Amino acid sequence: MSREAISVHARWAARDVQFALLIVAASVALYSRTAIGPLQEAIRIALTLSDNQMAILQGSALSLPTLVTAVPLGLAIDRYSRVRLLVVMAALDILGSVMTSFADDFTILVVGRCIVGFAVGAICTVVFSLVADLYIPSQRGRAGMVVVIGQFVGMSAAFGIGGFLLSTHAPEYWRVAMLWLSAPLIPACLLMLILNEPARAEVIIERPSIRQTCRQLWAYRGVIGTLAAGIVMVEVGVGAALTWSAPALLRKFAMSPAQVGSTVAMGLLISGVLGPVVGGMVSDMCQRAGGPSATLRVMAALALSAASVGCFAIASTVALASTLLIVFMTVVSALAVMGTVIFTILMPNEIRGLCLALLFGMCLLFGLGLGPLAVSVVSGAIGGPENIGRALAIVCVMAGLLGAALFATGRQAVSAQSKRMLGAGSAGRNGDLVSRGVSVQGSV
């Protein structure tokens, strides 16, 4: 074997190691964010909290810190070492998780989950920014697929382990369970120390000024707005389902915490593998065959299919409810991969981190903030806690329908953006869309 071939294989091996570490970071981040999901009812009973307080704990407390810090975080990601930032955020994730386990009132719980929410949002943003520099655009769908699969494995593990830890103990045991659930975060944080910072790809302006960044954002306002709105609506359904599917099943079918934990864990595991595989493969196929326009067409169709199975919470049997939940989570996880990938393709590197930070911040705010709270509010409006399943179905169906409409609108925004860029003769200066192969019709 020639020296050149050996060098190429060595670079690929090094890249694969870096990618594996990023998968660990993303997986553990979603694991820690989901950790109190299986403990939710136990926490509510032990601390005598209301459904609205639990919705805030699982939603706004996780999302608001990410949204508030999205701009400075995105600017830091686009300008400074992302690996160092990842290590710091992993340490903060440990701090927030441990603080959660020692909380004795609602205020301390909120503070702990705010720290976790900020750290997890930053970790996910950094991971996808680094992955975009490890792989070319036509490979990012499959790379994102693997990352999201890891995230769903992390969420599934949190439900499975948490349900098991509570299966033979009283609700007050949730503190010990939370401490055990926090233990894997420590070795994961140590692994981040061996990451290397990759070279930034597709850079148009090296370390742009704030003014240049604002100009780039304004130039992409139509694309960013419509795509982000569509992805956010899908995340509303995800947040609602992740927060309220377990309580809805428990209340409707009188299942035990262990049964609910294992059911939701299995659903997350199955959908977390199938959904990203579908989303990643289809995303790369669309990118090669029809570009962003084709990708958005498929995303609109998938959002409609999610709306059609969003009524899982009012199914008549456990088996039917579980099946529809798996299908719903499979579709929305495919959409999550495709939405993130299309953002990394359309956005130039100098604003990619900022756009991803803003996107994830809005997804957390509306997905984990508005979604769970909307379910509890709708439930109260239609009769109270016993109607939580009906409220969950309403929110999931509406989220899918609105997402489909916004993705369809996004196709027009991408086409209009490419026409403006090419028509203005700015391909040499702003070669963002052109360098990604987007034609006047928005195709590659």
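At a glance:
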quantity: From VAL298, VAL264, residue being at pLDDT 85 or above and not small (Gly, Ala, Ser); calculated: VAL298
quantity: Condition met for SER129 (more than 28 Å from PRO247 (Cα to Cα), in contact (Cβ under 8 Å) with a residue 12 or more places away in the chain and more than 20 Å from the chain's Cα centre (by Cα)); calculated: no
quantity: Filter result for the condition that a residue is surrounded by 19 or more Cβ atoms within 10 Å (Cβ to Cβ), modelled with pLDDT under 70 and either outside any helix (DSSP H, G or I) or not polar (S, T, N, Q) (or both), over VAL414, VAL438; calculated: VAL438
quantity: Residue count for region 308-326, restricted to those that are part of a helix (DSSP H, G or I) and of a type in the set (Gly, Ala, Ser); calculated: 5
quantity: Candidate set: region 277-300, residues that are touching a helix residue (DSSP H, G or I) at 6+ places or on another chain (Cβ under 7 Å) and either basic (Lys, Arg) or not in a helix (DSSP H, G or I) (or both); chosen: the one surrounded by the fewest Cβ atoms within 10 Å (Cβ to Cβ); calculated: ARG288
quantity: Among residues of region 1-50, those that are among the small types (Gly, Ala, Ser), in a helix (DSSP H, G or I) and modelled with pLDDT of 85 or more, counted; calculated: 6
quantity: Residues of region 301-312 that turn out to be of a type in the set (Gly, Ala, Ser) and surrounded by 20 or more Cβ atoms within 10 Å (Cβ to Cβ), as a count; calculated: 4
quantity: Residues (among the hydrophobic types (A, V, I, L, M, F, W, C), over 21 Å from ALA103 (Cα atoms) and buried (at least 24 other Cβ atoms within 10 Å of the Cβ)) located in region 57-74; calculated: ALA70, LEU73
quantity: Qualifying residue in region 70-91 (condition: closer than 18 Å to GLY154 by Cα, of a type in the set (A, V, I, L, M) and touching a Phe, Trp or Tyr at 6+ places or on another chain (Cβ under 9 Å)); calculated: yes
quantity: Out of MET398, MET362, MET329, sole residue that is assigned to a helix (DSSP H, G or I), within 27 Å of ASP133 (Cβ to Cβ) and of a type in the set (A, V, I, L, M); calculated: MET362
quantity: Residue satisfying condition, being part of a helix (DSSP H, G or I), more than 16 Å from CYS311 (Cα to Cα), in contact (Cβ under 8 Å) with a residue 24 or more places away in the chain and under 17 Å from the mean Cα position of the chain (by Cα), within set LEU274, LEU242; calculated: LEU274
quantity: Residue among SER305, SER262 that alone is under 22 Å from MET54 (Cβ atoms), among the hydroxyl-bearing types (Ser, Thr, Tyr), assigned to a helix (DSSP H, G or I) and over 18 Å from the mean Cα position of the chain (by Cα); calculated: SER262
quantity: Identity of the residue in region 46-75, farther than 9 Å from ALA357 by Cβ and small (Gly, Ala, Ser), that ends up nearest to the chain's Cα centre (by Cα); calculated: SER63
quantity: Matching residues, region 196-212, being at pLDDT below 75 and surrounded by 15 or more Cβ atoms within 10 Å (Cβ to Cβ); calculated: ARG200, GLU202, VAL203, ILE204, ILE205, PRO208
quantity: Residue count, region 27-60 (criterion: within 16 Å of LEU165 (Cα to Cα) and of a type in the set (S, T, N, Q)); calculated: 3
quantity: Qualifying residue in region 384-394 (condition: out of contact with any helix residue (DSSP H, G or I) (no Cβ under 8 Å at 6 or more places or on another chain) and among the small types (Gly, Ala, Ser)); calculated: yes
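Okay, residues lined up against (1) surrounded by 24 or more Cβ atoms within 10 Å (Cβ to Cβ); (2) of a type in the set (Val, Ile, Thr); (3) more than 13 Å from the chain's Cα centre (by Cα):
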{"site": "SER322", "(1), (2), (3)": "no, no, yes"}
{"site": "THR330", "(1), (2), (3)": "yes, yes, yes"}
{"site": "GLY367", "(1), (2), (3)": "yes, no, no"}
{"site": "LEU373", "(1), (2), (3)": "no, no, yes"}
{"site": "PRO385", "(1), (2), (3)": "no, no, yes"}
{"site": "ARG390", "(1), (2), (3)": "no, no, yes"}
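The values are calculated or read from the model by the stated rules, or taken from the named source; none is laboratory data. Given the structure is predicted, the values throughout are model-derived calculations rather than measurements. Positions of Cβ are generated from backbone atoms using ideal geometry, with glycine treated the same way; all protein chains shown enter the neighbour counts.
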